[in-house]
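To start, the structure itself, in structure tokens.
The values are calculated or read from the model by the stated rules, or taken from the named source; none is laboratory data. Source: prediction; values computed, not measured. Cβ placement follows ideal geometry from the backbone for every residue including glycine, while neighbour counts extend to all protein chains displayed. Ligands, DNA and RNA are excluded from the accessible area calculation, which covers all protein heavy atoms including side chains. Shrake-Rupley method; radii C 1.70, N 1.55, O 1.52, S 1.80 Å.
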Amino acid sequence: MATSESRPYRLLGGRIPYVEGPLKVTGRAEYTDDIQRPGMLVGRVLRSPWPHATIRAIDVADARALPGVSAVLTGEKYPTPFGVLPITHDETAIAVGKVRYIGDIVAAVAARDERTAEEALARIRVDVEPLPDYPDPESGTRPVAVPIHARGLNGTNIQKEVVQHFGDVDAAFAQAAYTARVRGTFAGVTHAFTEPLVTVAEATPDGRLTVWSATQVPHYLHRALSEVLGIPLHRIRVVKPEVGGGFGGKSDPLPHEIVCAALAIETGRPVKILFDREDVFYTNHGRHPTKNDIRIALDANGQILAYDIEATIDGGAWSSFGTVTTYYNGVLSMGPYRVPNFRYKGRRVYTTKPPSGAMRAHGGTNLRYSIEVALDELAETTGIDPFDLRARNALPSDSTTVNQFHIGSTSFLACLAAARERSGWDAKFRRLPYGRGVGLGCGFYISGSNSPIHFTPKMPQSTVHLKVDMDGGIAVHSMQADIGQGSNTLLAAIVAEVLGVDLDRVHVQRVDSDVSPIDLGSYSSRVTFMMGNAARAAAEELRGYLLDAAAELLGTPVGELEVGPERYQRRSDPSSSVTFLEALHKAMERRGALTASGSYQTRPMGGSFKGARAGTAPAYSFAAYVAEVAVDVETGEYRVEKIWAAFDCGRPLNRLAVEGQIEGSIHMGLGQVLGESMNYRGDRLLNPSLLEYKIPMPQQMPEVEILLVGADDPDGPFGAKEAGEGPLIATLPAVGNALYDALGVRFPELPITPDRVLRGIDQRRAKGVAWKGS
């Protein structure tokens, strides 16, 4: 269920079915694994069974001699390091000199079929000298015998350290009337997208390389291929077919993509690398295992005085987005509340485990859980209702945080009001019987990163091109990456809305670097805001040409015309009009096919201190969720029965997509609470399969009531903000705080499994603490 509101637009604000939906549900949408090329070879990779070792020698002679094997590659052929962030290029396509985790790629083969490729891998002999392994990030914060990377800080395995202090935190705590402290522990979780990682590459005799890949970031992949392979960008073509989910797991250029391209170059034939699920787990780039220590100070009136935050983040073997994640684990605490004093120390540490990276709402999720649990404790201590405590600390619109984030629009208070009223909070909180409870959790997230990853060359963060010829079909070109979230539909709807045409006139073209203008990709909840503004600008340029032509046909000034459905008409007399096609054909008399281009670039934001750009965004989303739970106190099993999700995404441009994003986010957030966990014995991953990695089943999904309460954002396209990642965050603390209401037990460690529930109940009883009569 979702709230309703008036619709000032013809299409936008309604429930728009996905334009690619018919192709997907009939099995005709083309994914990377569907790509077939003549003479295509099968690519496979050999993974390290050692967590940390020097490679002394690799003998590939037997593998190369096997009939049907076309190429065998090792790391020395393409040793150039790469990474999604240009400041931390520490990843190689194939291990060079040493391996850094169990699952690191040590060799690759291309062969005529799968059986031959697997036999070739079995014939490769690798001679190594084991090195000390470092599965524990805490031990890596001190100098180690053999650092995982030479770039670790001062002989440690620390990849990135962030220290920030605004105001006077010690003085704030000294004068505080109330304080709370939560030491949170969070298992690593992975994206578990449906489509596994897959890439097809073909090097052709004309000197060009074409790569089809399931990626969220075609532009970054394009750059990485050029850097590692030593091929100019203009000779590389990157194509993104349909993508079956990403959630951040396809937002890095990944080793297998470069390996596949290298094998295609070596063989002169097309090559496909399709990973099985175990390979996907070892590639990972999922949410970081984290320990954080959150202290919050309040004054006697319940006003927040200060945050003091520390975080130790397990980065795994590579940097990935880790520098950004390290900042985000502190600075994304800057909303939705006013925090006048703030101190943060965060350390991301290399370990000999699969690399962590960007996963939906990265950097903000674990942090937010601990903050919201601490606020719930403070509400309990002060006797202030959890809703009231948050409301009196809410950030206002058009404000600036202590670390110089600009908060443009916020409907956070409306989120609180809607969630409180619809959930029946006042009748339920602390009033339900033992084993049942409600909890509040709130959220705050960026609508795109204000600062691009690459600073050169300077260019817009999103560009959209339009072309329309005499047939009246409007071709839309953009490198934004639809990964299932519905951005192609939104792109088409924005163009159709501006031009006044039917949606079926607008055809979003497949991402292809040869013809698609650069957009930085699908990550950091940037697509709606940045692509949307670029698309609107392009459509408005095209509309200008059409209105000029219509004015000429009608013999009236342009300023007296308005856009009608598939026509352009006089405001004073709508019956005096010309059709879209008539205006188009008139405009084409002088210029032929019409083309238009729109782009979007954020304005400068943030301070001048080190790391000031991290977390700055053109807008932020806000959330307030209430969860209701029922616990079997004899077994520790519990069920989340319902979630009321009040969310501020500005104006929801496609309610169908927004509701789907919120429901999917809640499912993913519940997974991290209920049981999802990458389990290790030392540095060996124990559950690299979807059989053992416990995603919530359909019957574990609660009823969800969606409350879209945001006001228009002044800078968003048609008033919109993000709804792709922010909706996940509030889910976790809402459930954790509901369990406290049900049981009187705090759970600082995720996931909250039945054994931990029983242990918490036993510990409470052992202390002689009663709860709701139990």
Output the qualifying pairs, or none if there are none: Cβ atoms under 6 angstrom, residues six or more apart or on different chains, first residue in segment 178-204 and more than 16 Å from VAL280 (Cα to Cα), second residue among the hydroxyl-bearing types (Ser, Thr, Tyr) and part of a loop (DSSP other than H, G, I, E, B).
ALA187/SER677
Output the qualifying pairs, or none if there are none: Cβ atoms under 8 angstrom, residues six or more apart or on different chains, first residue in segment 732-760 and on the phi > 0 side of the Ramachandran plot, second residue assigned to a helix (DSSP H, G or I).
GLY744/ARG764
Just to be sure I understand, how many residues within segment 499-539 are within 22 Å of ALA723 (Cα to Cα), surrounded by fewer than 24 Cβ atoms within 10 Å (Cβ to Cβ) and either touching an Asp or Glu at 6+ places or on another chain (Cβ under 7 Å) or without any contact (Cβ under 8 Å) to a residue 40 or more places away in the chain (or both)?
0
Can you pull out every residue in segment 622-643 that is open to solvent by 10 Å² or more (accessible area, probe 1.4 Å) and either of a type in the set (Ser, Thr, Tyr) or closer than 11 Å to ALA418 by Cβ (or both)?
THR635, TYR638
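Is there a residue in segment 456-472 that is open to solvent by less than 30 Å² (accessible area, probe 1.4 Å), at pLDDT 95 or above, in a loop (DSSP other than H, G, I, E, B) and more than 30 Å from ASP519 (Cα to Cα)? So that I can check it myself, show each step before the final result.
If we filter segment 456-472 for residues that are open to solvent by less than 30 Å² (accessible area, probe 1.4 Å), which is where we start, we get 461-464, 466, 468, 472.
Those left that are additionally at pLDDT 95 or above: 461-464, 466, 468, 472.
Pick out the ones that are also in a loop (DSSP other than H, G, I, E, B) and you get 461, 472.
Retained after the next criterion (residues that are more than 30 Å from ASP519 (Cα to Cα)): none.
The answer is no, given that none of the residues of segment 456-472 is open to solvent by less than 30 Å² (accessible area, probe 1.4 Å), at pLDDT 95 or above, in a loop (DSSP other than H, G, I, E, B) and more than 30 Å from ASP519 (Cα to Cα).
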Tell me which residues, restricted to segment 114-166, are in contact with a helix residue (DSSP H, G or I) (Cβ under 9 Å, 6 or more places away or on another chain) and assigned to a strand (DSSP E or B).
ARG125, ILE158, GLN159, LYS160, GLU161, VAL162, GLN164
Could you please give the count of residues in segment 191-204 that are of a type in the set (S, T, N, Q) and open to solvent by 10 Å² or more (accessible area, probe 1.4 Å)?
2
Looking at (1) buried (at least 23 other Cβ atoms within 10 Å of the Cβ); (2) outside any strand (DSSP E or B), which one does ASP715 not meet, given that it meets all the others?
(1)
If you go through segment 121-140 one residue at a time, do you hit one that is open to solvent by 20 Å² or more (accessible area, probe 1.4 Å), under 19 Å from ARG269 (Cβ atoms) and of a type outside the set (Phe, Trp, Tyr)?
no
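Out of all the residues in segment 644-656, which are of a type in the set (A, V, I, L, M, F, W, C) and crowded, with 24+ Cβ neighbours inside 10 Å?
First, pick out the residues of segment 644-656 that are of a type in the set (A, V, I, L, M, F, W, C): 644-647, 649, 653, 656.
The answer is TRP644, ALA645, ALA646, PHE647, CYS649, LEU653.
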Right, HIS362: buried (at least 24 other Cβ atoms within 10 Å of the Cβ), within 24 Å of the chain's Cα centre (by Cα) and closer than 17 Å to SER449 by Cα or not?
yes
All but one of (1) within 26 Å of GLU380 (Cα to Cα); (2) in a strand (DSSP E or B) hold for ASP741; which doesn't?
(2)
Scan segment 473-489 and tell me whether some residue there is touching a Leu at 6+ places or on another chain (Cβ under 7 Å), open to solvent by 10 Å² or more (accessible area, probe 1.4 Å) and either over 30 Å from GLU195 (Cβ atoms) or touching a residue at least 60 places away in the same chain (Cβ under 8 Å) (or both).
no
Against the definition (assigned to a loop (DSSP other than H, G, I, E, B), among the aliphatic types (A, V, I, L, M) and touching a helix residue (DSSP H, G or I) at 6+ places or on another chain (Cβ under 7 Å)), how does MET479 come out, yes or no?
yes
Being over 21 Å from LYS24 (Cα atoms), crowded, with 24+ Cβ neighbours inside 10 Å and at pLDDT 95 or above is the requirement here; does GLU227 meet it?
no
Kindly state which strands (runs of 3 or more DSSP E) lie completely within segment 12-90 and contain at least 2 residues that are of a type outside the set (Val, Ile, Thr) and open to solvent by less than 40 Å² (accessible area, probe 1.4 Å).
41-47, 69-73
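Kindly indicate which of TYR337, TYR327, TYR344 is open to solvent by 10 Å² or more (accessible area, probe 1.4 Å) and either at pLDDT 95 or above or hydrophobic (A, V, I, L, M, F, W, C) (or both).
That would be TYR327, the only listed residue that is open to solvent by 10 Å² or more (accessible area, probe 1.4 Å) and either at pLDDT 95 or above or hydrophobic (A, V, I, L, M, F, W, C) (or both).
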Odd one out for TYR282, checked against (1) under 18 Å from ASN687 (Cα atoms); (2) touching a helix residue (DSSP H, G or I) at 6+ places or on another chain (Cβ under 7 Å); (3) of a type in the set (Ser, Thr, Tyr)
(2)
Counting just the residues of segment 267-282 that are open to solvent by 30 Å² or more (accessible area, probe 1.4 Å) and not in a helix (DSSP H, G or I), which one comes out nearest to PHE193 (Cα to Cα)?
ASP276
